[in-house]
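Have a look at the structure below, then the notes.
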Amino acid sequence: MKATGSALPLLPLCRRLLPATLLELPGMPNLPGLPSRPVLPGLPVALLKATALEIAILAAHLVLYPSGITQERRAPARSPLPEQRDGTARLPSDTRPPVVLLHGFIDNRSVFVLLRRSLARHGGQRVESLNHSPLTCDIRTAAELLGRHIEEICERTGSPRVDIVGHSLGGLIARHYVQRLGGDARVRTLVTLGTPHSGTRAVPLANAHPIVRQMRPGSPVIEELARPAPGCRTRFVSFWGDLDHMMDPPEAARLDHADLTVENVRVSGIGHLALPVHPAVATGIRRALDGDRPDTDVDHPVRTA
């Protein structure tokens, strides 16, 4: 591919919108500040498709965003279970815990419209979405607030435990609640989607926001989560995308911790925004929530095309 003179003024814009590997093709000019990454055979076409999908999802999400600004209405408390003839309470037919959806940075619950529908249709579990405040500047504070929400959900539904699906920052908030605030007593399974478990170097200009600085490699929060967590009862399933350019490097969204029961799932062919909406990922999430005895430290792919 050869860049023409008329295209050169657009290169700074392309550098912001497109993954760096798209601009490292033979014949492309050397751009100052562009990170150097190897170009794999056949990868540019996949990157173009993934980027086009990201742009389409972003456009659709901007339309839906206003609908998710307010907290959703809470489902009514579960009615008392009918008694059997011997006077004991009848057990419910489905004892799976509720699923709590937690969004990422500068986002809201509208990002989970399709995933929520998929879980409700195929899983039959109660699904609730939580908004953490866009003014939140500390992951620890957000984790404490999440803990209070979880206690309220357990009291209202009668379930002793919940499952959580967290996208990006949402997964990191949920992980801090589980590991550092005793949340493993309440969370059966934590599924993370594109969460920077080891920190991400992407979008350096966003460092002005304190919560972004907490998501950087080596930050106090990342170091705190790397500490020993013996006896943690929560099962972790981490979906990470090989074309997720919000994770730098992409493997930052893998969860590697000696004390945790972890299943890492590599998703091929889609980017960061597609993780909560892609049907193949939704299927993987449903299977993760259905699994009682997962493999430990497994990294297997989910193909999206």
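The values are calculated or read from the model by the stated rules, or taken from the named source; none is laboratory data. These numbers come from a predicted model, not from an experiment. Here the Cβ is made from the backbone with ideal geometry for all residues, glycine too, and neighbour counts use every protein chain on show. These accessible areas exclude ligands, DNA and RNA; they are computed on the full protein's heavy atoms, side chains included. Shrake-Rupley method; radii C 1.70, N 1.55, O 1.52, S 1.80 Å.
Tell me, rounded to the nearest percent, the portion of alpha carbon pairs in region 91-161 spaced more than 21 Å apart. Cα-Cα pairs of region 91-161 separated by over 21 Å account for 33 percent.
Here the accessible area of region 211-259 is 55 percent carbon and sulfur, with a 1.4 angstrom probe and all protein chains present. Just check region 202-277 against the gyration tensor rule for me: Cα atoms, a ≥ b ≥ c as the square roots of the eigenvalues, rounded for a/c under 1.5, and otherwise prolate or oblate depending on whether a/b exceeds b/c. Oblate shape, in that a/c is at least 1.5 and b/c is the bigger or equal ratio.
Look at where the Cα atoms of region 186-207 and of region 256-273 average out, and the two centres are 11 Å apart.
Peptides 244-255, 125-136 ranked from most to least packed, by the mean per-residue count of other Cβ atoms within 10 Å: 244-255, 125-136.
By the gyration tensor of its Cα atoms, with a ≥ b ≥ c the square roots of the eigenvalues, what is the shape of region 159-297: rounded for a/c under 1.5, prolate for a/b over b/c, or oblate? It is oblate, given that a/c is not under 1.5 and a/b is not larger than b/c. Relative contact order of region 104-236, please, whole-number percent, based on alpha carbon pairs below 8 angstrom and at least 6 residues apart. After rounding, I find 23 percent.
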